[in-house]
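Novice: Next up is a structure, given as structure tokens.
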Amino acid sequence: MNLLKATGTIGGLTLVSRVLGLVRDSLFARYIGASFASDAFLVAFRLPNMFRALFAEGAFASAFIPMFNRKVGDPDGNGLRDGLDFAEQALAVLLPVLLVMTALLEIFAWPVTFALSGKFNGVSHDQFAFAVQLSRITIPYLMLISLVSLFGGLLNSLHKFWVNAAAPILLNLTLIAALLGFHTTDPLETARNQAIAVSVSGLLQLIWLALACKRNGVSLRLRRPRLNPEVKRLMALIWPAAAGAGAVQINLVISTALAASLLAHGSVTYIYMADRLNQLPLGLIGIGLGTVLLPTISRQLGAGEEQAAMETQNRGLELALLLTLPATVALVVAGEPIAAALFGYGRYTPEDTHFTAQALAAFSIGLPSYILVKVLTPGFYARQDTRTPVRYATLSMVVNLVGNLALILPLQHMGPPLATAIASTVNTALLYRTLVKRGHFTADARLRRRAPRLALAALLMGAVLWFTQGALTPYVHGSWAVRIAALAVLVSAGGLVYGASTILLGAFSKDDLALLLRRRRSTT
């Protein structure tokens with residue numbers, strides 16, 4: 001498999017989804033602003049959004065794909081039929097669990113909302129009842145997106161990566177349609193319509209994945225649930241993988257709850273908008289790399305190709321640094337014009353934009369570690385070790401909680417993002433050290449030579465952005481077309497400086513570029 005091509009396919013579709021997500025967030029800022037209404041919706045959306053990240057992009061795929069691939073690749077078995085039989089067994093157990101969990105969350109929506117928000121900060125009984133109502137509306141998305149993850153895992157194992165990567169586009173299109181077609185002068189009513197759109201989008205994604213499976217000759221029958229040894233093994237792997245893959249999401253839940261309960265209304269929105277910008281490179285790079293690396297390394301280890309698996313992880317780490325370091329510097333240095341261009345109009349005030357940029361800078365410090373977690377954890381999951389990542393994820397959550405409590409009052413809306421960044425960095429360092437200690441990863445000469453040069457190239461780009469963003473600041477407050485043009489100039493200038501710097505410093509050679517172009521031509 002061409003790692004760059006597969007990652008590029010997923011990254012390209014994720015880019016479409018993330019761009020649509022930015023459009024959605026811009027409309028959200030315009031019609032709802034930063035207020036109790038926006039905070040209430042974002043708290044209601046936090047729980048299903050966390051499950052999307054844990055299951056659709058993490059735990060289920062991490063546990064299911066290696067087991068499914070071994071079934072399909074067993075030379076003594078029946079290939080795909082054995083794999084699908086295992087998938088049906090998993091569905092038979094997963095579906096009742098999801099139905100019961102959804103029912104319980106609907107019944108206990110009040111305490112769940114309380115736990116996620118700390119009952120907000122100084123709200124009335126009616127206001128909190130409204131927040132609980134939004135939670136009840138969005139809760140069905142948990143069940144729907146978990147089923148989506150099963151079908152998506154099947155398609156990823158069959159190398160149909162693009163279908164699963166395209167599913168989140170439906171979420172953003174549905175929310176955009178709700179904002180454009182059903183916004184009102186009352187922000188509370190607009191927020192309620194957004195909550196309805198969330199669950200509708202989950203149903204649309206499930207239909208999309210189910211139809212794609214059928215087109216590829218994959219159909220799953222409903223059968224009576226049986227906890228046979230293989231299903232027990234799958235369930236035993238899912239829960240630790242959920243904590244391991246979702247440390248960042250769980251940390252964000254903690255941050256959201258503390259911000260909602262201790263800070264002024266709108267603070268949850270600042271943190272959310274900053275996280276959305278921070279998630280753009282994470283989605284393009286981290287999720288794409290993680291999705292491709294896991295099945296690739298699983299197959300290489302299954303074939304006894306330890307050296308090939310080591311090479312795959314080295315190149316994955318190098319590619320992550322190549323793309324992540326400039327994004328980190330750009331978001332820290334130029335966060336203010338970026339936030340102003342995307343969110344600073346309608347109900348979103350200049351003060352809201354400034355606070356969002358501050359939170360973005362704090363989040364972005366941890367961007368490399370967020371993505372490196374996606375690159376390093378396949379080295380554990382491919383060897384069916386989900387316990388080690390969960391231990392480190394648990395430790396990082398403790399670090400995050402302590403950091404939140406220590407930083408939230410003195411730094412306000414910057415405290416929770418900074419605590420999350422520090423916790424993720426701790427998690428990454430532990431994962432890396434353990435892989436090295438076990439002999440499962442060794443940085444090769446190429447990676448050791450290029451990593452510091454990539455960092456220097458990113459810093460040179462940051463210096464140019466620092467001195468040029470002032471000239472573009474007046475334009476990021478203009479019309480929509482002018483804003484986008486100014487943002488495009490800023491991004492292009494940064495990209496050109498970084499690209500030239502990587503070549504001049506020897507971090508990315510002309511031979512690499514020629515190889516990349518040859519591969520691209522060979523696949524078109």
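Just so it is clear, none of the values below were taken in a lab; they were calculated from the coordinates. Please read all numbers here as calculations on a predicted model, not as lab measurements. Counting neighbours? That spans all protein chains shown, and the Cβs are built from the backbone with ideal geometry, glycine included.
Novice: Fully extended, how many nm does the chain gain between residue 180 and residue 110 (0.36 nm per residue separation, minus their Cα-Cα distance)? Walk me through the numbers before you get to the answer.
Specialist: Details: separation 70, 0.36 × 70 = 25.20 nm, distance 2.99 nm.
Result for the pair: 22.2 nm of gain on full extension.
Novice: Which three extents, in whole angstrom, do the alpha-carbon atoms of region 3-443 cover along their principal axes, largest first?
Specialist: 63, 47, 34
Novice: Do the alpha carbons of any pairs in 119/232; 71/374; 160/437 sit beyond 30 Å of each other, and which pairs?
Specialist: Cα-Cα > 30 Å for 119/232; 160/437; rest within.
Novice: For residue 211 and residue 485 in the same chain, what is the full-extension length gain: residue separation times 0.36 nm, less their Cα-Cα distance, in nm? Could the numbers behind the result be given before it?
Specialist: Values: separation 274, 0.36 × 274 = 98.64 nm, distance 3.87 nm.
Length gained, residue 211 through residue 485: 94.8 nm.
Novice: Which whole-Hz couplings ³J(HN,Hα) result when phi for each residue of region 259-268 is put into the Karplus expression 6.51 cos²θ - 1.76 cosθ + 1.60, θ = phi - 60°, listed in order with x for Gly and Pro?
Specialist: Values, residue by residue: 5, 5, 8, 10, 10, 5, 4, x, 5, 4 Hz.
Novice: To the nearest 0.05, what FRET efficiency results for residue 78 and residue 391 with a Förster distance of 41 Å applied to their C-beta separation? Kindly include the intermediate steps, with their values, before the conclusion.
Specialist: On the way: r = 37 Å, r/R0 = 0.90.
It comes to 0.65.
Novice: How many angstrom lie between the C-alpha centres of region 438-493 and region 114-154?
Specialist: So the two Cα centres are separated by 36 Å.
Novice: Once you place label points 7 Å from the Cα toward the Cβ at residue 466 and residue 433, how far apart are they in nm?
Specialist: In this crude spin-label approximation the distance works out to 3.1 nm.
Novice: For region 19-40 and region 361-408, write down the distance between their C-alpha centroids in whole Å.
Specialist: Their Cα centres are 28 Å away from one another.
Novice: Something else about it: I need 126, 39 ordered by Cβ neighbour count within 10 Å, fewest first. Don't skip to the end; give the middle numbers.
Specialist: On the way: 126 7, 39 30.
In increasing order of surrounding Cβ atoms, one gets 126, 39.
Novice: For residue 508, enumerate residues with amide H under 5 Å from its amide H, sequence gap 5+ or separate chain, H modeled in the peptide plane.
Specialist: 503
Novice: Test of understanding: what is the full-extension gain from residue 311 to residue 125, defined as 0.36 nm times their sequence separation minus their Cα-Cα distance?
Specialist: Numbers: separation 186, 0.36 × 186 = 66.96 nm, distance 5.78 nm.
Gain in length upon complete extension: 61.2 nm.
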